[in-house]
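Since the structure comes first, as structure tokens, the remarks are kept for the end.
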Amino acid sequence: MGEKKSDVFDLDALLGAASPAREPVTIYTRNGLRAEIVRLERERKDAAAGPVSASWADPSGTPDVGDIDAQLTQLRADLKASAVEFVVQALDPDELDRIEREHRIPAGADEDTRARVNRERFVAQIVAQIVEPRRFTVEEVGKLRKAIGEGEFDKVARAALDARKESGERVENR
């Protein structure tokens, strides 16, 4: 018989290399620029499709969309410059339990109270999950949410839920 190889599972090595699930998400702090970009794109399309008339200045008759293109280039650059990458991670089970204890729905609560407590709990969970660009307070995330709008904030919320699902955490509202 040959030599018996003994494989020893090294839990400390596994724990040293382990990390919670993380999800990156990019938000745009100047998301309002998108409306201006859409408006200019429509204006450019209309100008390019408009009647072609040759002139001494432009014998080809091609509509001049150079100004619009320059504005679009600048707006797209401004929007891109406003991008901020957030990273959210799965919650530690103890942290999730703490948040749930702090945001219990009172016995006999009406629907409005239940909805408010569920929203507060959800925001507190998201706040606890944001690890980059830095940690935030509930108040700061509330201000951020108002400033960037629900569409951009929803991207952070979805990433937070995705990180929790990837880690196998229970994701539910009670």
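Each reported figure results from applying straightforward, stated rules to the coordinates on display, with no laboratory input. Note that this is a predicted model, so its numbers are computed, not measured. Cβ sites come from the backbone with ideal geometry, for glycine too, and all protein chains shown count toward neighbours.
Assorted remarks:
- The length gained by stretching the chain between E150 and E120 to full extension, at 0.36 nm per residue less their Cα-Cα distance, is 9.3 nm.
- For V131, the residues 5 or more places off, or on other chains, whose built amide H falls under 5 Å of its own are V87, V88, Q89.
- Mean Cβ count within 10 Å, highest first, over the residues of peptides 108-116, 32-40, 86-94: 86-94, 32-40, 108-116
- Scalar couplings 3J(HN,Hα) for the stretch 67-79, obtained by applying the Karplus form with A = 6.51, B = -1.76, C = 1.60 to θ = phi - 60°, are 4, 5, 4, 5, 5, 4, 4, 5, 4, 5, 5, 5, 4 Hz; x denotes Gly and Pro.
- Distance-filtered residues of the stretch 96-114 - backbone nitrogen under 18 Å, label point 7 angstrom along A18 Cα→Cβ: 96-97
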